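Notes for the one structure printed next.
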Amino acid sequence: MKHLFFKILLLGFLVTVGLLGSDWLYRSFSNQSYRLPQNILPSGSLDEPYQIVKVGNSHAQSGITFRGYKQKSLDLSGVAQRFAFDLAYLKQHRQQIDTNALVLITVSPISFSHRPADRNDGLQGNYYGRISPFLIPDLKLSDYLQTQIFPFVRSGYLLRQRHADQVRDRISEEQRAPEQPSVSNASSKPRKQFGVGSEEDLLNVEAIKLEIAKPTSIDLKNHRENVNFVYHKWYETDEFGQQYFAKNSHDLEELIAYCYANGWRPVLITIPVTNLLLDGLLDDYMQTYVYNNLENTDLQGTKYLDFSKNEVISKDNYLFSNADHLNEKGAAIFSYVLLQELIDQEYLSPEDDGYSYEPF
Amino acid sequence: MAFSSLAFLLFFSCLFLLYWKVAKQRQWLLLLLASAYFYFSAVPAYGLLLSLVIGISYFTAISMEKQPQYKRIFLSLCLGFLFALLFVFKYFSFFSVSLVEVLAHFDLRISLPHFKFLLPLGLSFFTFQTAGYLIDVYRGKIKAEKNLGIYALFVSFFPLISSGPIERGDHLLPQLRKSQRFNYARTVSGLQLFTLGLFKKVVIADNLAVVVNHIFGSLPDYRGLSLLITIFLFSWQIYYDFSGYTDAARGIARVLGYDLLDNFHHPYFATSIGDFWRRWHISLSTWFRDYLYIPLGGNRKGLLRTCGNTLLVFVLCGLWHGASWNFVFWGLMHGLLLSFQRVFSFFMKQVPVVPSFFSLPMTYLLVCASWVFFRAETLADALYIFRNSLQGIRFFGSPAYVWATLSQMFTTNVWEMGIVAVCLICALAIEVFSWQKNSAQRFARLPLLLRWSIYSTGIFLLFFLRQAQITTFFYIQF
């Protein structure tokens with residue numbers, strides 16, 4: 001048997017040499033050097049810890065910006081992020097978050113009805129290198145090892161992927177038509193549009209108030225298509241469903257409990273979506289998918305701020321990149337609205353307001 | 001736990017080390033525990049279902065021996081239970097939906113429940129294996145296994161539980177009763193077979209699958225030669241996927257000292273459809289032959305009955321693969337071709353000898369045509385392929401047309417074209433080499449350096465040409 005093991009080891013050595021060679025080839029082509037695995041352990045403490053943190057899915061990612069907040073902030077949101085990963089992220093950064101920090105937890109219909117993450121979840125890879133493998137729920141070890149620790153075993157795939165990307169880029173470059181100047185049929189009366197000027201316009205309160213008072217209501221085709229897409233995903237696939245409510249509610253309870261255990265102040269928030277989306281889905285959509293779930297979850301006294309049907313934002317399609325995600329302008333306005341609410345509720349003080357009150 | 005996953009390699013390495021360390025009399029117990037772990041790690045609830053099947057069939061076989069006067073009743077009850085289970089989990093939804101649709105054509109509206117269970121791993125395989133064992137005991141061909149543990153291992157043996165081969169009691173049970181001794185040559189040959197199986201699956205089948213899945217996923221965009229090429233690629237994908245699994249399973253079993261039935265014998269070298277079924281999924285085709293076709297009368301009761309039996313067996317064989325009309329048509333097509341062959345032989349006084357350079361490609365083309373039903377998602381998709389695959393046939397010889405077709409299929413990615421070409425060359429090389437007599441011995445006689453180059457290149461390609469995610473074996477869904 002020793003003879004057999006020796007041969008297997010020798011073979012393994014030869015193959016490893018070949019794989020290291022191909023990995024070197026890949027890294028030479030793409031000018032990448034081997035990086036030691038990141039965040040194997042939870043992150044260490046900081047001299048100036050974070051005072052405000054947001055967790056949640058793409059709604060939080062695109063909908064809240066801390067640019068106008070005079071607080072040291074940390075963004076831990078991600079696309080299709082479940083509560084279990086919100087918790088894992090908070091655990092990863094526990095030592096970096098200030099005691100008494102404000103933790104904004106976004107809840108949306110997706111948060112409760114998303115199929116809970118498991119080993120076969122394709123999105124798990126998004127967290128490799130960001131969250132310690134010891135904290136990732138249901139870690140797919142083999143996947144983690146080959147992407148983070150022994151990347152040379154997938155050099156062939158990476159080389160092919162790189163080439164496929166190059167081919168795709170070349171094709172799309174060839175097919176790209178010369179850009180036409182865009183014609184806006186939004187308004188017959190020309191006015192200075194919010195956020196179209198300098199970057200600072202986005203944080204200008206007067207500009208925000210102007211936009212809120214007179215929404216640039218445009219009916220965008222891609223928003224309507226997006227409603228159909230969401231409707232299909234929601235009601236005609238098993239990616240989402242009421243069968244996942246209990247598990248997700250339980251995960252939310254754990255997340256809230258963890259915040260309190262560390263002395264943080266969690267706040268639950270629902271971010272605005274377009275009226276177009278709410279009208280396109282079933283009448284009891286928010287009631288079934290959010291409000292009932294919150295009633296059935298032990299929120300441990302946590303306050304819930306619901307902006308889903310915000311009168312001024314939801315009808316302003318101009319502020320959305322698609323039917324249920326705010327764009328950069330929308331995020332700036334919503335974050336201002338949120339900031340005022342947090343100040344009113346005494347979670348933040350007026351000194352934390354970093355928005356510009358200069359004339360627009 | 002896919003054979004190509006790191007988890008399986010760790011599992012098998014641990015088992016291998018332990019297996020040769022435990023007392024010889026306890027080897028079966030270790031294998032049983034390993035098989036239970038393998039099965040329960042998929043969906044634990046279905047492990048209970050498997051245990052139920054094992055328990056009921058074990059006691060049925062014992063009862064048939066103890067009370068031979070009631071053995072027919074025992075057998076009927078147990079087979080009824082096994083096939084009812086198969087029906088509920090695999091076919092109920094299909095039949096209820098089909099029935100509702102048929103009745104709706106006659107303006108009869110009924111409402112039937114159509115729930116969909118997750119199919120228990122290897123359900124069709126272990127149901128047939130258990131049924132075969134019970135019938136053998138009923139016929140007195142074998143004795144009922146008295147040791148419940150050995151019997152449980154026979155049904156749940158991990159290399160074959162998910163996709164066969166469908167073993168026979170008289171072949172596997174005696175091996176399981178014996179203790180095994182480590183044999184270097186057998187272990188090496190088992191590891192070679194296992195690696196070859198993985199190579200067939202991971203390198204060849206999975207890379208062909210990328211193109212095939214892409215085109216079947218957007219069929220309306222493709223016409224003419226691209227559809228023909230896709231069917232050709234699928235024929236090799238399905239063959240190397242399934243035979244890759246069988247080789248890996250046989251390799252694992254051989255390393256542990258057991259010989260499993262062979263399932264393939266160069267099916268694309270068949271010179272008739274009958275010959276194809278003597279070479280393709282042999283353990284299933286012989287199961288149908290021994291336990292259904294022959295008891296129905298086989299070919300002993302006249303031409304009409306023979307053709308009827310053939311059609312019935314092949315329709316059921318199609319249904320065995322999946323609850324869908326596509327599989328029914330796939331089986332029916334094979335049944336019709338075989339029946340046609342029989343009718344032709346019956347009426348011809350002297351059957352003309354067709355040279356193999358003609359019959360071999362003709363058989364291959366017919367088999368490829370049947371694969372369209374097997375792979376297409378719906379009957380409409382299959383018909384689309386039949387209607388459109390010869391479109392533009394007059395250009396098929398034009399290099400510019402061929403290049404345009406390949407460019408469309410591979411989105412101008414020349415690397416991928418090259419990889420698929422290399423995969424096909426490897427597939428043909430493996431097929432031709434293993435077709436020769438004593439191919440294993442011939443391989444062993446190759447110069448050491450060449451052999452080691454082949455080993456290391458093969459394993460290197462296993463890593464280098466694999467897909468990002470582990471894909472399951474095609475037949476695991478059945």
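Read-outs: derived from the displayed coordinates by stated rules, not from any lab. Computed from a predicted model, the values in this text were never measured in an experiment. Every residue, glycine among them, receives a Cβ derived from its backbone with ideal geometry; neighbour counts consider all protein chains shown.
Set the Förster radius R0 to 35 Å, insert the Cβ-Cβ distance between B:Cys368 and B:Val414 as r into 1/(1 + (r/R0)^6), and round the FRET efficiency to 0.05.
Values: r = 26 Å, r/R0 = 0.74.
It comes out at approximately 0.85.
Legend: mean number of C-beta atoms from other chains within 10 angstrom of residue C-beta atoms, peptide B:455-467, equals 6.
Between B:Phe358 and A:Arg119, what's the calculated FRET efficiency when r is the beta-carbon distance and R0 is 51 Å? Round to 0.05. It would help to have the intermediate numbers written out before the result.
Values: r = 52 Å, r/R0 = 1.01.
The calculated FRET efficiency here is 0.50.
With R₀ fixed at 45 Å, the C-beta to C-beta distance from A:Leu141 to A:Thr288 puts the FRET efficiency at about 0.75. Look at the alpha carbon pairs under 8 Å that are at least 6 residues apart: their mean separation over the length of chain A gives a relative contact order of 25 percent. Near the amide H of A:Ile269, within less than 5 Å, lie the amide hydrogens of A:Ile105, A:Thr106, A:Val107, A:Leu305, all on another chain or at least 5 residues away, with H placed in the peptide plane. Residue-wise HN-Hα couplings along the stretch B:270-278, as the Karplus relation 6.51 cos²θ - 1.76 cosθ + 1.60 with θ = phi - 60° gives them from phi, are 5, 10, 7, 5, x, 5, 4, 6, 7 Hz; Gly and Pro carry x.
If I stretch the segment between A:Leu46 and A:Ser349 completely, what's the gain in nm (0.36 nm per residue apart, minus their alpha carbon distance), one decimal? Please list the in-between numbers first.
Details: separation 303, 0.36 × 303 = 109.08 nm, distance 2.33 nm.
Between A:Leu46 and A:Ser349, full extension yields an extra 106.7 nm.
Distance between the 7 Å Cα→Cβ label points at B:Ala23 and A:Asp279: 7.9 nm. Distance between the modelled labels on B:Gln341 and B:Leu424, one decimal in nanometres: 2.6 nm (7 Å Cα→Cβ projection). With 29 Å as the limit, the listed pairs A:Lys140/A:Lys329; A:Lys247/A:Lys315; A:Lys70/A:Lys209; B:Lys21/B:Lys437; A:Lys54/A:Lys247; A:Lys209/A:Lys247 have A:Lys140/A:Lys329; A:Lys247/A:Lys315; B:Lys21/B:Lys437; A:Lys209/A:Lys247 beyond it between alpha carbons. For the stretch B:332-343, backbone phi angles converted through the Karplus equation (6.51, -1.76, 1.60; θ = phi - 60°) give residue-by-residue couplings of 4, 4, 5, x, 5, 4, 5, 5, 4, 4, 5, 4 Hz, Gly and Pro being listed as x.
Run the numbers on the stretch B:21-177 and let me know its relative contact order in percent, using alpha-carbon pairs under 8 Å that are six or more apart.
Details: 157 pairs, mean separation 52.2, N = 157.
So the answer I get is 33 percent.
Helix by helix through chain A, keep the DSSP H runs that span 18 Å or more along the axis on Cα and average at least 0.0 on Kyte-Doolittle, and give those back in order. Don't jump to the answer; show the numbers that get you there.
Working: long enough: A:2-29 (40 Å, 1.06); A:155-175 (30 Å, -1.47); A:221-236 (22 Å, -1.78); A:245-261 (24 Å, -0.10); A:328-344 (24 Å, 0.62).
For chain A, where a helix must reach 18 Å along its axis and average at least 0.0, the hits are A:2-29, A:328-344.
Return the distance in nm (one decimal) between the two label points of a simple spin-label model at A:Gln243 and B:Trp452, each offset 7 Å from Cα along Cα→Cβ. A separation of 5.4 nm, rounded to one decimal place. Taking every DSSP bridge with both residues inside chain A, close to 15 percent are antiparallel.
Taking Cα centroids, how far is the stretch B:164-199 from the stretch A:39-111 in Å? Between the Cα centre of the stretch B:164-199 and that of the stretch A:39-111, the gap is 54 Å.
Amide H contacts of A:Thr65: A:Ser335, each under 5 Å away and 5 or more positions distant or on a separate chain (H built 1.01 Å from N in the peptide plane; Pro and chain starts excluded). Using θ = phi - 60° in the Karplus curve 6.51 cos²θ - 1.76 cosθ + 1.60, the 3J(HN,Hα) couplings for the stretch B:280-295 round to 10, 6, 4, 5, 7, 5, 6, 4, 4, 5, 6, 9, 9, 5, 5, x Hz; x is entered for Gly and Pro. Take every DSSP beta bridge whose two residues both sit in the protein assembly as shown; close to 15 percent of them are antiparallel.
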